[in-house]
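First comes the structure, then the notes that go with it.
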Amino acid sequence: MSRSLPPNLSAAQFDLALASWRSIVGEPQVVTSAAGLATYLDPFAPGERAAFSASATLLPGSVDEIRAVLRVANQYRIPLWTVSTGRNFAYGGAAPRLPGSVVLDLHRMNRIIEVNETLAYALVEPGVTYFDLHAYLREHGHKLWVDPPAAGWGSVVGNTLERGFGYTAYGDHAAKQCGMEVVLANGDVLRTGMGGIEIGTAWQLYQPGYGPSFDAMFMQSNYGIVTKLGVWLMPAPPAYLLGEIQFQHEADLEAIVEILRPLRLDETIRNHVVIEGGLRRAAGLSTRAQWYEGPGAMPERAVAAMLEKLDVGRWNLHFALYGTPELIDARLAIVQRAFARVPQARFFAKRYAGNAMGDAAGNAASDAQPTAGGDRNLAGIPAMSAFRMLDWRGGAGAHVDFAPVCPATGRDALRQYTMVKTRAAEYGFDYYGGFTAGERHLHHIFAAIFDRGDANQVEQAGQLLRSLMSDARAAGYGEYRAHLAYMDFAAAQYSFNDGALLRLSETIKDALDPNGILAPGKQGIWPAAWRDRRGYT
């Protein structure tokens with residue numbers, strides 16, 4: 001494997017930069033070996049894995065080290081790609097958008113700086129995972145919940161900055177963030193909101209502060225390096241109920257969404273409800289080969305037989321109710337009455353005591369806590385069961401995700417589902433997906449699952465994603481998140497007034513980062529120094 005260099009830099013210049021970085025972070029924290037850099041390739045790449053490769057990786061341990069690293073990067077005009085823990089799988093992992101960039105891996109910065117139980121917040125560094133924060137809360141007896149995403153090993157900071165979401169009443173992670181510490185490209189350090197007061201007492205309590213508010217500007221952007229983040233935590237409820245409603249027909253999706261929306265808007269249901277497709281549910285219980293081994297997408301008869309045998313619905317709605325037993329009873333009655341209008345709907349529910357917190361690993365005796373991965377997420381307990389999906393197609397399982405935002409109407413949900421399922425079948429993929437419900441929108445997540453050892457499946461997955469993005473834009477839908485390979489294409493879909501939004505983003509980028517060293521191309525935002533690389537893979 002030939003040595004990778006940053007773009008427009010000679011080997012001699014790069015060696016000088018590496019020597020400077022070694023003096024800053026230490027020899028072991030500068031990775032240049034082929035084996036070491038291979039761990040930063042995208043494990044689920046829908047194409048050639050080496051297409052987005054790094055020239056080196058730096059692992060700083062403090063803000064001062066980051067500032068010193070930036071001085072060297074600015075001196076040599078070397079692009080850096082920042083990751084918190086590098087586990088943004090299905091969207092690129094730790095790989096950089098601009099090949100040859102140096103990955104700035106912040107996982108060593110893993111302090112939980114503060115937890116305030118009275119005001120229900122935490123202040124954390126980028127290397128803190130949801131498992132870490134959950135364990136800390138249990139070890140210290142805090143009656144607070146984290147809100148984990150599907151895979152609990154991810155970074156709290158990284159997931160929040162990517163506008164990830166979870167499944168409790170605190171499922172909108174970006175909305176539950178409050179206060180950042182950010183290092184700008186020139187090494188300047190700022191604290192947003194109330195953190196602008198050196199001895200401030202409300203940094204994690206009131207996001208706006210005084211004057212313009214900048215927290216959102218550092219989400220899904222390349223304007224700075226977030227080194228501390230405040231997150232609001234959910235007070236442990238006195239009790240909670242986890243419910244499931246199974247529906248038997250594809251067309252039920254329209255009624256499900258129409259019934260659910262008012263229940264979310266009036267907060268009868270406060271959590272991020274999951275509307276799980278039948279095949280997605282089945283993939284957690286079995287493998288594809290048990291039901292179908294032929295070419296192309298699974299035929300309808302095979303899907304129907306599988307769902308009947310596994311006793312799961314065509315759609316499976318997962319919700320939670322939190323509060324006192326009396327409040328849960330009242331809300332459950334409303335929910336059951338509302339969904340009883342859907343023929344053949346089947347209801348299941350289980351109650352738990354909110355104070356049955358378990359140990360630091362989430363373990364508890366008997367039925368004191370939910371045991372299924374998805375249910376554990378609804379109870380604020382991180383899990384890793386989502387990765388069972390990788391076994392669905394067999395071989396070296398991988399997936400790449402299509403993530404359009406959908407208005408919370410039954411018509412739009414059914415339209416998006418039909419569009420995605422139909423196009424996926426054309427490329428030989430099953431519909432593995434579902435919706436997660438906010439109050440007024442749905443996150444529609446479809447995963448193209450493939451065997452990365454099968455070159456044809458890899459190629460077809462990549463082509464499918466491009467087709468889906470074009471289909472969505474033609475129908476008036478846009479993605480909220482995109483894989484590295486499609487960031488430019490996703491940004492181009494937001495084309496009002498000849499791309500005025502992207503022009504604004506890049507104007508800000510050039511002002512804050514004139515040398516273009518921070519994450520060129522992230523979310524399609526290219527600095528002037530690298531703008532000729534737009535669309536290049």
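Structure notes:
- Computed E for GLU267/GLU326 - FRET, C-beta separation, R0 22 angstrom, nearest 0.05: 0.85
- Chain lengthening between THR422 and LEU504 when straightened (0.36 nm per residue, less Cα-Cα): 25.9 nm
- Length-normalised contact order for the stretch 101-177 - Cα pairs under 8 Å, 6+ apart - percent: 22 percent
- Kirkwood hydrodynamic radius over Cα pairs of the stretch 49-200, then Stokes diffusion coefficient at 37 °C and 0.692 mPa s, in µm²/s: 197 µm²/s
- Projecting label points 7 angstrom from Cα along Cα→Cβ for ASN497 and VAL189 puts them 3.8 nm apart.
- Scaled against the 2.2 N^0.38 Å expected of a compact globular protein of N residues, the Cα radius of gyration of the stretch 28-134 reads 1.18.
- Those aspartates and glutamates that a straight Cα-Cα span of less than 14 Å connects to LYS350, excepting residues fewer than 8 apart in one chain: GLU244, ASP329, ASP367, ASP375
- Taking the C-alpha atoms only, the angle from helix 252-265 to the longest principal axis of the chain is near 70 degrees.
- Footprinting exposure proxy for ILE113, ILE78 (fewest neighbouring C-beta atoms within 10 Å first): ILE113, ILE78
- Percentage of interatomic Cα-Cα distances in the stretch 112-235 larger than 21 Å: 33 percent
- ALA50/THR371 FRET efficiency (R0 41 Å; Cβ-Cβ; nearest 0.05): 0.50
- Fewest-first sequence of SER84, SER33, SER495 by Cβ atoms within 10 Å of each Cβ: SER33, SER495, SER84
- Convex hull volume per residue in cubic angstrom - Cα atoms of the stretch 425-483: 91 Å³
- Neighbour counts of other Cβ atoms within 10 Å put HIS399, HIS107 in the fewest-to-most order HIS107, HIS399.
- Spin-label model, ALA455/ALA202: points 7 Å from Cα along the beta carbon direction are separated by 6.2 nm.
- Dividing the C-alpha radius of gyration of the stretch 121-194 by 2.2 N^0.38 Å, with N its residue count, gives 1.16.
- Restricting the calculation to Cα atoms, every distinct pair contributes to the Kirkwood radius of the stretch 195-268, found to be 17.4 Å.
- The stretch 404-537: C-alpha gyration tensor shape, a/c 1.5 cut-off, then a/b vs b/c: oblate
- Within straight-line cross-link reach of LYS509, lysines at Cα separation under 18 Å, skipping those fewer than 8 residues along the same chain: LYS522
- Only Cα sites of the stretch 488-533 enter the Debye sum here, all with the same form factor; the resulting log10 I(q)/I(0) across q = 0.22 1/Å is -0.69, listed in q order.
- Label-point gap, in nm, between GLN13 and HIS441 - each point 7 angstrom along Cα→Cβ: 4.0 nm
- Value at 222 nm in deg cm²/dmol, rounded to 500, when DSSP H runs of n ≥ 4 in the chain each add -39,500 (n - 2.57): -9500 deg cm²/dmol
- Kirkwood hydrodynamic radius (C-alpha pairs) into Stokes-Einstein, the stretch 239-485, 37 °C and 0.692 mPa s, D in µm²/s: 173 µm²/s
- Once C-alpha pairs closer than 8 Å and six or more residues apart are averaged by separation and normalised to the residue number of the chain, the relative contact order reads 16 percent.
- Fraction in percent of alpha-carbon pairs per bin - 10 Å, the chain: 4, 18, 28, 27, 17, 6, 1, 0
- Within straight-line cross-link reach of LYS176, lysines at Cα separation under 17 Å, skipping those fewer than 8 residues along the same chain: LYS228
- Extension gain (nm, one decimal) between LEU285 and GLU117, 0.36 nm per residue minus Cα-Cα: 56.7 nm
- Shown is the FRET efficiency for ASP311 and ALA35, computed with R0 = 41 Å from the Cβ-Cβ distance and rounded to the nearest 0.05: 0.35.
Every read-out reported here was derived from the displayed coordinates using simple, explicitly stated rules and does not represent laboratory data. Here the structure is a predicted model, which means the values were calculated and not measured. No Cβ is skipped: glycine too gets one built from the backbone with ideal geometry, and neighbour counts run over all protein chains shown.
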